[in-house]
Structure formats: structure tokens, C-alpha cells
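Novice: Here you go, one structure.
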Amino acid sequence: MRKSWLAATILAACAAAVPLAASAQTPLKMAYALSTSSHYGAGADALAKSIEASSNGKYKVQQFANSALGGEREVIEGLQIGTIDLAIVSTGATLNFVPETGVFDIPFLLRDLPHARNVLDSKIGQDMLAKFPSRGIIALAWGEQGFRHLTNNVRPVKTPADAKGLKIRTTENPIHITAFRQIGILPTPMAWPEVATALQQGTIDGQENPLSVITSAKLSQMQKYLSLTGHVYGPALVLMSSNVYDGLSAADKAQFDKAGKESAQAMRAYVDNIEKTGVEQLKKEGMQVSEVDRAAFAAAVEPAYPEYYKKFDKKLIEAIRDTK
């Protein structure tokens, strides 16, 4: 009697365990520097929805926006050691890990959004993604921020001469810093979480970012002047920890690859929309917007190109420039 009771109890316990195991989820931490309403947020949402749907809920993406898990350098280090599973970051951060990605940050190299996207989708961009696994990171796709513009609180900027002497926050990106010094700007490298306080306290005069960031970060509340310099194209990267990716089945890897591409497409769609609506939005919010002599800015930066040829293969730079 006792034996049959024990057997029944064990069988009941086993039966109860089956639905629990089937419903178990694997939570994944996804980090990015901007708000959930930004282009990064759009990319993160697209990735989360894609992977949760294709895996039937096996994976659940937990989003940590607004640098909640640290600055971009710390996030990439977290990917390497496995404390962070997924991230969207700028190439300003990946320079320290895969230096070749910096080639896309050369000012006035990429002409417009179609040109930039064609380059990233070509063998040039895809070969760059293939360099990440050796650093303990999987690059799922190229995302996007758009072209970077200048904002400040001192004066309207329409020519390189207007920009001279302005103390402008930059990313920790030597390629950008070299260009700004050439113009006469005083570049001030600073982590993004520190920027709002520095602007409010007057430690810096301004900053530079794509419209996607300027609008989503509500910089119109802190900056008077916007100059549409379009000086640098801002790629983004959808990254995953090798610790997680390498342990997946081939089917699961394919699902994450697909989710990464959908994340990138969501960012591009966000940028397309903000390029149409962002300037008018910022004007309504009180910013004074200036068109600039872009050719004059490009000419001012031209003397920096010999430095870029030392850092990157000149043939690669020319191949990017020649991409249709």
C-alpha cells in the first residue's frame, strides 16, 4: 500500500513538473544608452518582439535603457564577460574593441543615408561584422543613428569660423576629435550620462548628435542653436554576448540573426521618420535652426585625412567613397 502511494506521488510530481519546464523562460538583459522612445528603443523593441515570437516565449528580453547598466564601454565589457546578453551601441564605443569600425566615423566620407546603408549592407560592412567574434562579441547587424549635427548655446553656426572656440562634447572617438580640432572646435570627450548636467552647468557649450538623439533626449530644453552640419554618419551596432550565442542551437542562432536584422530595420525606419519631422519639431520646441555651408566644413576637415589614412587602409576609404 505504502509503495503504491509513493509511486503515485512520484508520478504526480513528474506530471506537474512537465508544464513548468515547458513554460520556463530564459531572461536576457539588453542594454542601451538612450530612452525607450529613441531609435535604440525602437531597435530593442523590434528585437525583443521578434525573438519572443519566433522562440514561442523561450527567450524574454529585459530592456535596460538610459545607460542603466553603465556607459557603452562598460556595456561592451559586460557582453564580453557575459553579465549582459544583448546591446545596441555606437561605433564610438566599438573603436576600442574592433578599431576598424572607426572608418565609418570619418567626417564627410558617407554622402547620405542611401550611400551609408549601401556600404554597410555591402561586403565592406559585412566583413566588419565578422571581426567581432574574436573579441567575444557577436555583431548581429548594423543599426543606425543618422547624420550628426551640431548644437550649442553660444551662437548660430553656419560656417567653420562660427564654430571656432566652442567647447563641444564629443564621444570618446579620436576620429571625431581630430576633425573638430581641425575646424577649431574644442572637443570635450564625455560619457553620454554626464552630458545633460554638463550642459546645464555650462561646463560645455554644446554637443553633436543625430536628430534621432537630439529629439529623443529633449536637447531642445538645454540648447538654443542647431546647425545642420551632417558632418558624420552615425552607425549603430546590434550586439550579443558570445557566451550566450555560442551555446545556442543552429535554429536559435538563426532566430537571433533574424531578430538582429529586424532591429536594424526598425532603427532605419525611425531615422527616416525623424529626418522628415525632426527639424520642424525642434523649431516648435524653440531651437533656432541654421543651414550650413557643408562644403566649407568638408574643406576645413580635409587636412585631417592624412591622419585617417594612417589609421585605416586608404583603399578601404576609397572603396567606401566609390560605393554607389
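Novice: In the structure shown, do any of K123/K315; K29/K283; K49/K283 have a Cα-Cα gap over 25 Å, and if so which?
Specialist: Result: K29/K283; K49/K283 exceed 25 Å.
Novice: While we're looking at this one, here's another question. Which whole-angstrom value gives the distance between the alpha carbon centres of region 259-311 and region 163-200?
Specialist: 16 Å
Novice: Keeping the other protein chains in place, figure out the carbon and sulfur percent of the accessible area of the chain, with a 1.4 Å probe.
Specialist: Carbon-and-sulfur percentage of accessible area, whole number: 55.
Novice: Taking only DSSP H segments of four or more residues, each worth -39500 (n - 2.57), what value at 222 nm results for the chain once the sum is divided by all its residues, to the nearest 500 deg cm²/dmol?
Specialist: The helix-only estimate for the chain comes to -14500 deg cm²/dmol at 222 nm.
Novice: Something else about it: About the Cα centre of region 68-125, how large is the charge dipole given +1 on each Lys and Arg Cβ and -1 on each Asp and Glu Cβ? Please answer in debye to the nearest 20. Present the calculation step by step, with values, prior to reporting the outcome.
Specialist: Details: 4 positive and 8 negative charges, 45 e Å.
The calculated dipole for region 68-125 is roughly 220 debye.
Novice: In addition: Can you find, among I177, A163, I88, the residue sitting farthest towards the positive end of the charge dipole of region 66-202, where Lys and Arg contribute +1 and Asp and Glu -1 at Cβ?
Specialist: A163
Novice: I would also like to ask the following. Checking the cross-link filter: which lysines have an alpha carbon closer than 16 Å to that of K284, excluding same-chain neighbours under 8 positions apart?
Specialist: In chain and number order, the partners are K218, K224, K276.
Novice: May I pose another question? Apply the membrane-span-like helix rule to the chain: whole DSSP H runs, Cα extent along the own long axis of at least 18 Å, mean Kyte-Doolittle hydropathy at least 0.0. List the helices found. All intermediate terms of the calculation are to be shown ahead of the outcome.
Specialist: On the way: long enough: 2-23 (33 Å, 1.16); 39-54 (22 Å, -0.03); 250-284 (49 Å, -0.93).
The answer, listed by residue number, is 2-23.
Novice: May I pose another question? List every residue whose amide H lies under 5 Å from the amide H of T188, counting only residues 5 or more places away in sequence or on a different chain, with H placed 1.01 Å from N in the peptide plane.
Specialist: Residues meeting the criterion, in which the H sits 1.01 Å from N, are I168, R169, T170.
Novice: Give or take rounding to whole Å, what are the principal axis extents of the alpha carbon atoms in region 234-324, in descending order?
Specialist: 53, 43, 26
Novice: May I pose another question? How high is the relative contact order of the chain? Use alpha-carbon pairs under 8 Å, at least six apart in sequence, and give a whole percent.
Specialist: Across the chain, relative contact order equals 25 percent.
Novice: Over region 26-107, what portion of Cα pair distances is larger than 21 Å, expressed as a whole percent?
Specialist: Considering region 26-107, 33 percent of its Cα-Cα pairs are separated by more than 21 Å.
Novice: How much accessible area per residue does the chain have, in Å², with a 1.4 Å probe?
Specialist: On a per-residue basis, the chain sits at 44 Å².
The values are calculated or read from the model by the stated rules, or taken from the named source; none is laboratory data. Since the structure is predicted, the reported quantities are computational estimates derived from the model, not experimental observations. For neighbour counting, all protein chains shown are included, and Cβ atoms are generated from backbone atoms with ideal geometry for every residue, glycine included. Calculation scope for accessible area: heavy atoms of the full protein, side chains included, ligands and nucleic acids excluded. Shrake-Rupley method; radii C 1.70, N 1.55, O 1.52, S 1.80 Å.
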